[in-house]
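Data first, discussion second: the structure below is written as structure tokens.
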Amino acid sequence: MSTPLLHKAYDSRLFSEQGNDLIQQISHYLEQNTTGQNKKMNTWVDPQEEYAFWKTYTQENHPTPSFFETVLKRSIHIHHPHCIGHQVAPTVPVSALATLLSAQLNNGMAVYEMGQASSAIERVVIEFFTETIGWKNGDGFLTSGGTLANLTALLAARKAKASSDIWNDGHDRKLAILVSEEAHYCVDRSARIMGLGEAGIVKVPVGDNYKIRVDLLQHYYDQATKDGFEVIAVIGSAPSTSTGIYDDLEGVSAFAKANNLWFHIDGAHGGAAIFSQKYKYLLKGITKADSIIIDGHKMMGTSSITTAVLFKNTADSYATFSQKAQYLWEQNDDPDWYNYAKRTFECTKSMMSLRFYAILNAYGVAFFDDFVTTLYDSGHAFSETLKNHSDFEIALEAQSNIVCFRYTGGVPEAQIQEVNKAIRKTLLEDGEFYIVSTVLKGEMWLRTTFMNPFTTETHTQKLVEKIRTIAKKIV
Ligand SMILES: Cc1ncc(COP(=O)(O)O)c(C=O)c1O
């Protein structure tokens, strides 16, 4: 029997009051942050202290501000133009609204009848991707993030290329994949989950331009074969996470074709450049890929997390999992495009298609072009600016919205890394700017990713000045 407490928890009037209040707070957050009115975009708190706060938090001992407002205040503000660290999009508000609706409706999506609208919309969204790529017979689905998406695509690769049926019979030989040493760590993780082991992840070096050495692919392939591995796939990064540099996808695809390998592109970050008239050239060769993944929550402005797993051939998008689940569907052999659990890791899945569709519906495809183009332009502009400052150096010419650089002004060579580490730490704790760091060829670099279309050269100039001020105190 339902209790008064349960009635209260589902009370629609209470929801309306709290919901209206929350929307007002988020609107205020957007106004303060997108315009950069808030001086700080984060208030740094030590992890133990933050944990202690929430461990003892109750509405009674913290009557104001509300719980939601407290979370808002104690979270990093991705929408601030000074937030140029990691690759998470400042969510387009209409996409956040779609997520709210999805969260409340909670349509499970595993089978069509548990998510009619979202399942049909998912097909529309997938066609939007495959048609833009230029695949006539493409297909795919959405899943929970780039990591899971890469794993799903690589399982499809294994199904297509391994000479035995590993899904049903288990491993009977050593498999391998070829991937750039600069690829995102989740590719390595996926391969280990698939049982390839460390030796089955053949890391191909990058050149001075940080692209995979296409000229070395055959050598690494031959060596792996000689060592008893059956190589199933080669992976191109579009771009790699640390550098923002796109691999030569044409070159990688030619190699894949010559050796009958699956060609997968990790386009979690920059696959969305297909929508940019100015930057789509970076993805030349994409049509020859067997699979590609593209994150919505990176370069497409959707809320987290939603990733498109796309296949050149429809049949491959159904091949990864072949499992009986009679309680969900009657026909195991029927592809049923609308019963997505046949194709995704998830059984219950959020209505993630709404997050893309809401943007498309409101602003059209032009939004994605404007978004990617503006952000990549910002990366190029910052990279150019730094070249004009003799006390800074860039690691490489920016190709996207990721820029790696460091402060060098009068710092002895041996101390450059330590000084830049200290700069990054001071910036983090200060909270006015958020940038991150990376390691390239064994050396530490500061790293920025321009994710906010409202970040301008005025903001980056302020960052440069701030770094100088910090550095002068350190050196
Ligand atoms: C190239 C690349 N692949 C995969 C991922 C993982 O994606 P997700 O964070 O959506 O799991 C990232 C994340 O930064 C990435 O940059």
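Looking across segment 286-299, the residues that are more than 11 Å from the ligand (Cβ to nearest atom), crowded, with 24+ Cβ neighbours inside 10 Å and outside any strand (DSSP E or B) come down to 286, 289. Search segment 102-134 for residues being among the charged types (D, E, K, R) and free of Cβ contacts under 8 Å to residues at least 12 places away in the same chain, and hand back the single one that is most open to solvent (accessible area, probe 1.4 Å). Filtering segment 102-134 for residues that are among the charged types (D, E, K, R) and free of Cβ contacts under 8 Å to residues at least 12 places away in the same chain, the one most open to solvent (accessible area, probe 1.4 Å) comes out as 113.
Pairs only if they're at least six apart or on different chains, beta carbon under 8 angstrom, first in segment 42-59 and open to solvent by 90 Å² or more (accessible area, probe 1.4 Å), second aromatic (Phe, Trp, Tyr); list them, first residue then second. Partner pairs satisfying both residue conditions: 59/67. Does residue 250 qualify as being more than 26 Å from residue 364 (Cβ to Cβ), in the same structural domain as residue 203 (by TED's automatic domain parsing) and in contact with a Leu (Cβ under 8 Å, 6 or more places away or on another chain)? Judged against the criteria, residue 250 is not a match. In the set 172, 165, 222, only one residue is out of contact with any Lys or Arg (no Cβ under 7 Å at 6 or more places or on another chain), without any contact (Cβ under 8 Å) to a residue 12 or more places away in the chain and over 18 Å from residue 262 (Cα atoms); that residue is 172. Screening the candidates 163, 190 for the property of being open to solvent by 10 Å² or more (accessible area, probe 1.4 Å) and either of a type in the set (Ser, Thr, Tyr) or at pLDDT 95 or above (or both) yields one hit, 163.
Scanning segment 360-396 for residues that are in contact with a helix residue (DSSP H, G or I) (Cβ under 6 Å, 6 or more places away or on another chain) and over 24 Å from residue 281 (Cβ atoms) yields 362, 392.
Counting the residues of segment 64-86 that are touching a Leu at 6+ places or on another chain (Cβ under 7 Å) and open to solvent by 40 Å² or more (accessible area, probe 1.4 Å) gives 1.
Apart from one condition, residue 385 fits all of (1) among the hydroxyl-bearing types (Ser, Thr, Tyr); (2) open to solvent by 40 Å² or more (accessible area, probe 1.4 Å); (3) in contact (Cβ under 8 Å) with a residue 40 or more places away in the chain; the exception is (2). Being within 21 Å of residue 186 (Cα to Cα), open to solvent by less than 10 Å² (accessible area, probe 1.4 Å) and either of a type in the set (S, T, N, Q) or not in a strand (DSSP E or B) (or both) is a property that residue 264 lacks.
For segment 267-285, the set of residues classified as within 13 Å of the ligand (Cβ to nearest atom) and open to solvent by 10 Å² or more (accessible area, probe 1.4 Å) consists of 268 only.
Here the condition is being more than 16 Å from the ligand (Cβ to nearest atom), more than 30 Å from residue 108 (Cβ to Cβ) and out of contact with any Ser or Thr (no Cβ under 9 Å at 6 or more places or on another chain); of 199, 176, 160, it holds for 199 alone. Test residue 401 against the criterion of being more than 18 Å from the chain's Cα centre (by Cα) and open to solvent by less than 50 Å² (accessible area, probe 1.4 Å), and give yes or no. No, not satisfied. Any idea which of (1) of a type outside the set (Asp, Glu); (2) farther than 17 Å from residue 344 by Cα; (3) within 16 Å of the ligand (Cβ to nearest atom); (4) open to solvent by 10 Å² or more (accessible area, probe 1.4 Å) is the one residue 137 doesn't satisfy? With (1) of a type outside the set (Asp, Glu); (2) farther than 17 Å from residue 344 by Cα; (3) within 16 Å of the ligand (Cβ to nearest atom); (4) open to solvent by 10 Å² or more (accessible area, probe 1.4 Å) applied to residue 137, the lone miss is (3). As a summary of the residue check, residue 121 satisfies the conditions (1) at pLDDT 95 or above; (2) β-branched (Val, Ile, Thr); (3) farther than 21 Å from residue 367 by Cα except for the one numbered (3). Scan segment 235-249 residue by residue and report those that are farther than 20 Å from residue 86 by Cα and open to solvent by less than 10 Å² (accessible area, probe 1.4 Å). If the condition is that a residue be farther than 20 Å from residue 86 by Cα and open to solvent by less than 10 Å² (accessible area, probe 1.4 Å), then 235, 236, 247, 249 are the ones that fit.
Looking across segment 87-98 at every residue that is assigned to a helix (DSSP H, G or I) and open to solvent by less than 30 Å² (accessible area, probe 1.4 Å), the one that is farthest from the ligand (Cβ to nearest atom) is identified as 98.
The values are calculated or read from the model by the stated rules, or taken from the named source; none is laboratory data. Here the structure is a predicted model, which is why all the values come from computation and not from measurement. As a convention, Cβ positions derive from the backbone with ideal geometry for all residues, glycine included, and neighbour counts pool all protein chains shown. Ligands, DNA and RNA are stripped out before the accessible areas are found, and what is left, the full protein with its side chains, is counted by its heavy atoms. Shrake-Rupley method; radii C 1.70, N 1.55, O 1.52, S 1.80 Å.
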